[in-house]
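Below you'll find the structure, written out as structure tokens, and then a few comments.
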Amino acid sequence: MTRTAPRFAALAAPLALVGCTTLPGTEPLPLSQERFWDALSSHCGNAYEGELASTDERDADWADKRMIAHWAECSDTRIAIAFHVADDEAEDGWNRSRTWIVTRTADGLRLKHDHRHEDGSEDAVTQYGGDTLSAGTARVQDFPVDAYSIALFEREGLSASLTNVWRIEVDPADTRGARFAYQLTRRNDPTRLFRAEFDASEPVAPPPAAWGW
């Protein structure tokens, strides 16, 4: 017995190291971002109805349209929220082309926009977004446009989007009157505001999967 003990000890050390391996993106974040992540995660699997809350004339086509945000996919490092908008021209009456993806990184949180066509193929303008530059709060995180997105917008002739700042606001699911909001502003245009708000206290039936998902 005494001869074999050292061999077992040698085997135990690598196993202990494997058990402590940290998944990429799961490193601790600032407390406010950890709480924000927990609040966002608390809605996993749920869907909520919402509407346009801003009045910018550039978004007139969005006014009075039904909207649904569906937490379609969640993991320890990524949350995908499908954004469905009522559309009479779509085959089933809904535009299911947009999915918001929030990811944990080593430096904070990242927001990307996954845009697809009805056949599931990627739109020419997709995977744009940005990373948090500050700790934000437990309820609100801002995502200024990143270099990849600026290059994409320049290539596609979308110069108005070069100073985009996206915002996500969320209350934990067990909060009375919980709300979820998605917002777009621009640093070079103080008049620009797109904001959609959702009643995150009353889940609705989950919709079909977003296009391409």
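The values are calculated or read from the model by the stated rules, or taken from the named source; none is laboratory data. None of the values given here were measured: they were computed from a predicted structure. Glycine gets a Cβ as well: all are built from the backbone with ideal geometry, and neighbour counts include every protein chain shown.
Among the residues of segment 83-134, those identified as buried (at least 16 other Cβ atoms within 10 Å of the Cβ) and of a type in the set (A, V, I, L, M) are V85, I101, V102, L109, L111. If you go through segment 54-71 and keep only what is outside any helix (DSSP H, G or I) and farther than 22 Å from I101 by Cβ, you end up with S54, T55, D56, A63, D64, K65, R66. One residue alone among G93, G50, G136, G120 is of a type outside the set (A, V, I, L, M, F, W, C) and out of contact with any strand residue (DSSP E or B) (no Cβ under 7 Å at 6 or more places or on another chain), and that residue is G120.
Just a yes or no: is a residue in segment 14-33 surrounded by 10 or more Cβ atoms within 10 Å (Cβ to Cβ), within 30 Å of P207 (Cβ to Cβ) and at pLDDT 90 or above? Within segment 14-33 (the criterion being surrounded by 10 or more Cβ atoms within 10 Å (Cβ to Cβ), within 30 Å of P207 (Cβ to Cβ) and at pLDDT 90 or above), the answer is yes, since at least one residue qualifies.
Of all residues in segment 149-163, those satisfying the criterion of being surrounded by 12 or more Cβ atoms within 10 Å (Cβ to Cβ) and outside any helix (DSSP H, G or I) are E156, L158, L162, T163.
Comparison of A181, A210 shows that the only residue that is among the hydrophobic types (A, V, I, L, M, F, W, C), in contact with a strand residue (DSSP E or B) (Cβ under 9 Å, 6 or more places away or on another chain) and assigned to a loop (DSSP other than H, G, I, E, B) is A210.
When D199, D189, D171 are screened for being at pLDDT 95 or above, out of contact with any His (no Cβ under 7 Å at 6 or more places or on another chain) and surrounded by fewer than 12 Cβ atoms within 10 Å (Cβ to Cβ), only D189 passes. Scanning segment 157-203 for residues that are within 13 Å of H113 (Cβ to Cβ) and without any contact (Cβ under 8 Å) to a residue 60 or more places away in the chain yields L158, S161, N164, W166, L184.
Reported count of residues in segment 86-111, each being modelled with pLDDT of 95 or more and either closer than 17 Å to E27 by Cα or in contact with a helix residue (DSSP H, G or I) (Cβ under 9 Å, 6 or more places away or on another chain) (or both), is 7.
May I ask you to verify whether D76 is assigned to a strand (DSSP E or B), of a type in the set (D, E, K, R), at negative phi and in contact (Cβ under 8 Å) with a residue 40 or more places away in the chain? Answer is no for this residue. The sole residue among D38, D64, D59 that is under 28 Å from P203 (Cα atoms), over 20 Å from the mean Cα position of the chain (by Cα) and modelled with pLDDT of 95 or more is D59. Residues in segment 55-74 that are surrounded by fewer than 14 Cβ atoms within 10 Å (Cβ to Cβ) and not acidic (D, E): 5 in all.
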